[in-house]
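Notes follow once the structure below has been shown.
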Amino acid sequence: MSLTLRIKGMDCAEEVAVLKRKLLPIVGDDELLQFDVLNGKLTVDGVVAHLRPNDLIAAIERTGMHAEIWKDDTEHDDDIDFWSRNKRIVLTTLSGFFGVFGLLSHALQAEGVVDALSSEGMGIAHGVPVLSRTLYSIGILAGLWLVAPKAWRSALSLRPDMNLLMTIAVVGAVAIGEWFEGATVAFLFSLSLLLESWSVARARRAIAALMDFTPPMARLRQGNGEMREVSPEDVPVGSIVVVRPGEKIPLDGVILKGRSTVNQAPITGESVPVTKVTDDEVFAGTINGDGTLEFESTKPAGNTTLARIIKLVGDARSRRAPSEKWVEKFARVYTPVVLVTAMSVLFIPPLLLGGQWSDWIYRSLVLLVIACPCALVISTPVSVVASLAAAARNGVLIKGGIFVEIPAGLKAIAMDKTGTLTVGQPQVVDVVPMSGHDECELLTRAGALETHSNHPLARAIVAEANERGLSLPSVEEFEIVQGKGAKGTIEGKLFWLGSHRYLEERRQESADVHEQLERMQEAGRTVVVVGNDQHVCGFITLSDTIRAETPSALTKLRNSGIEHLVMLTGDNEGTAKSIAQQAGIDEVHAELLPEDKVAVVESLVDKYGQAAMVGDGVNDAPALARATLGIAMGAAGSDAAIETADIALMSDDLSRLPWLIHHSRQTVAVIRQNIAFSLAVKTLFVVLTFAGFASLWAAIAADMGTSLLVIFNGLRLLRR
């Protein structure tokens with residue numbers, strides 16, 4: 001059981017820290033609290049019986065934020081009034097407006113901007129007119145309107161945060177008469193918070209854009225043939241849905257009638273529309289091309305592939321990356337250390353070294369401003385969210401920030417064969433006629449017999465005959481030979497087809513035929529023998545063919561630093577080695593049970609420290625769970641594999657694997673750049689402060705500039 005709340009006013013990591021301090025005594029375990037800053041959501045996992053929602057809501061209200069029970073079916077944005085929606089913009093604008101007019105007023109009375117600013121200097125200001133002070137005060141109040149209450153709560157709880165640091169800096173500047181610098185600090189800090197809020201909103205919109213792919217209605221064909229437009233939520237599984245050209249497909253399903261090209265980019269990331277015919281799958285949110293399609297819905301609206309993507313991406317924000325956790329722990333220690341250092345700068349030089357009080361008061365305020373960890377704290381979550389959104393748009397569903405960084409450090413990857421390295425469906429490889437027959441005749445006879453079967457081999461043979469444009473004759477007296485093959489009369493003559501064993505039972509096998517069959521089976525092929533009463537007419541060999549992109553994808557993986565590629569399969573040794581040779585696999589393990597796959601993955605983890613597993617079937621789920629990183633083939637994969645995996649490749653395209661590794665490495669690089677740059681700027685200004693060359697407005701400008709740069713650096717990942 002869990003409780004989900006919507007929290008208004010939770011905009012950054014500072015609010016999360018405040019909420020944790022208030023809620024931890026009530027909940028008892030930090031791990032039960034999952035925060036989603038993007039959506040203003042708090043999920044409390046495993047809520048105990050005695051804990052009432054009102055207790056949590058009341059505790060949240062005491063922080064100055066507002067909480068209510070989360071409702072998925074309500075469009076909350078429509079209920080937000082103008083002030084709640086735009087207060088940051090309004091207050092920041094007012095702060096800047098009155099700060100500028102305060103300076104202009106001061107300049108007019110001081111006969112120039114230079115004279116006005118020179119009277120401020122590095123120390124106690126002189127002669128700031130009353131009108132200018134009034135205008136500066138209004139600008140300061142507007143800039144601190146949303147900050148001061150948080151600073152007050154921070155002071156009362158004896159847990160200093162960036163809001164308290166900024167408030168002390170502004171009040172201190174005013175106390176020593178530096179009105180212009182106080183107003184500038186208030187405005188620039190308010191602007192930095194506005195920019196942070198904007199960056200979070202942009203990342204939120206990037207993820208929320210997935211919702212726009214769901215059409216508002218479905219065209220339902222009723223039993224009497226009439227059409228009725230209903231909400232997708234009201235369409236039962238098994239219903240017949242009609243989609244006209246150019247419309248979005250409202251639900252997942254299987255095509256019953258029609259042929260069209262479908263743009264699957266919203267789900268799979270494929271850039272080229274895919275041709276869809278009878279029996280093909282379609283996904284909710286994809287866009288129909290130029291043909292009308294009728295399909296049978298296979299999933300309710302709340303469980304479509306698109307719905308699952310939206311839910312998993314939404315949940316992903318609560319699973320934080322290692323870098324995010326490190327930054328949060330760092331800031332928790334860093335902020336009080338900064339406050340103590342600033343106090344030392346304030347008191348030690350004047351009391352022990354004979355320094356000027358005004359000079360060292362000013363320097364301590366500068367230190368408070370530049371040491372504010374705002375840029376450091378926001379740099380990582382913005383980068384992670386942008387990375388998650390970019391991956392989702394490229395058909396790679398990453399289920400949490402914790403999994404964004406893992407691919408960057410991988411050295412070994414294990415892969416299932418069937419459905420991962422291969423297409424997953426048998427296809428005709430060779431048609432080998434004998435005894436005077438030709439390929440078309442052999443395929444025609446086999447196709448006619450196989451039209452009566454739904455076996456995967458039968459479907460592959462019929463598909464090959466249809467693809468060649470062959471006309472299949474009718475079969476009389478058709479009979480299935482259980483577990484061996486089938487037979488029937490075609491144009492008055494008996495024909496049969498079946499396995500090697502069935503051929504042996506019919507006593508029609510010659511030494512030459514036996515040798516050919518053995519050679520084909522050793523090559524990993526499945527052989528269907530076709531014959532009549534007199535002789536063997538020929539062979540049709542089938543195989544689960546390797547995906548077209550597999551060899552190049554594995555080559556790119558090696559080039560990206562993956563040292564060891566392993567194939568795991570329950571198939572026979574011959575077939576496994578054949579596929580491995582075509583793909584370029586280093587190590588093959590065949591004829592495995594699910595527990596055997598787990599053992600191989602464990603050995604890779606022990607040897608390399610980290611190992612990924614890529615699979616698509618139910619039997620891959622245990623190995624996916626055991627691997628450091630589980631990656632599922634999302635389009636054709638089983639629900640068990642997709643739910644167990646940490647990442648899903650929604651297009652079933654292995655070329656997304658090297659893309660994922662490169663994307664992960666770029667994300668890690670951006671995070672490290674942001675952290676290093678933030679700390680470098682702060683270190684530089686700390687040195688300048690002690691040397692007496694830093695000013696308040698320069699410090700806050702540097703801090704805001706750093707915040708802005710790390711935000712935009714993180715948002716670059718959205719363009720991938």
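Computed from the coordinates by the stated procedures, all read-outs in this text should not be read as laboratory data. Bear in mind that the values here come from a model prediction, so they are computed numbers and not experimental data. Here the Cβ is made from the backbone with ideal geometry for all residues, glycine too, and neighbour counts use every protein chain on show.
Before moving on, here are some points about what is shown:
- Cβ-derived FRET efficiency at R0 41 Å, ALA669 paired with THR134, nearest 0.05: 0.25
- Sorting the segments 625-631, 292-298 by their mean number of nearby beta carbons within 10 angstrom, highest to lowest, gives 625-631, 292-298.
- Estimated FRET transfer efficiency (TRP83, ARG52; beta-carbon r; R0 30 Å; 0.05): 0.45
- Within the shell of other residues whose beta carbon sits under 14 angstrom from the beta carbon of ILE540, the net charge comes to -3, with Lys and Arg scored +1 and Asp and Glu -1.
- Surrounding net charge for ALA599, when Lys and Arg each add one and Asp and Glu each subtract one, Cβ distance under 12 Å: -2
- Pairwise label distance in nanometres, SER603 with THR683, each label 7 Å out on the Cα-Cβ vector: 4.6
- A Cβ-based charge dipole, computed about the Cα centre of region 398-497 with Lys and Arg at +1 and Asp and Glu at -1, lands at about 480 debye.
- Around the amide H of SER260, modelled in the peptide plane, lie the amide H atoms of LYS276, all under 5 Å away and 5 or more residues distant in sequence or on another chain.
- Least to most buried among CYS537, CYS440 (fewest other Cβ within 10 Å first): CYS440, CYS537
- Fewest-first sequence of TRP360, TRP496 by Cβ atoms within 10 Å of each Cβ: TRP360, TRP496
- Amide H contacts of GLN610 (H built 1.01 Å from N, in plane; Pro and chain starts excluded): LYS411 sit under 5 Å, all sequence-distant by 5 or more or on other chains.
- Mean Cβ count within 10 Å, highest first, over the residues of peptides 279-289, 168-178: 168-178, 279-289
- Each peptide in 653-660, 672-679 gets a packing score, the mean of other Cβ atoms within 10 Å over its residues, and the list from highest to lowest is 653-660, 672-679.
- Listed by Cβ neighbour count within 10 Å, with the fewest neighbours leading, SER474, SER543, SER137 appear as SER474, SER137, SER543.
- Here the dipole of region 213-302 is about 160 debye; that uses its Cα centre as origin and unit charges on the Cβ of Lys and Arg (positive) and Asp and Glu (negative).
- Sites matching chymotrypsin sites (Phe, Trp or Tyr not before Pro) across region 130-183 that sit in DSSP coil, with at most 15 neighbouring C-beta atoms within 10 Å: none
- Region 213-302 shape via C-alpha gyration tensor axes, a/c threshold 1.5: prolate
- Environment charge at LEU365 (Cβ cut-off 9 Å; Lys +1, Arg +1, Asp -1, Glu -1): -1
- Restraint check, LYS484/LYS597; LYS276/LYS577; LYS399/LYS607; LYS556/LYS597; LYS8/LYS150, Cα-Cα greater than 23 Å: LYS484/LYS597; LYS276/LYS577; LYS399/LYS607; LYS556/LYS597
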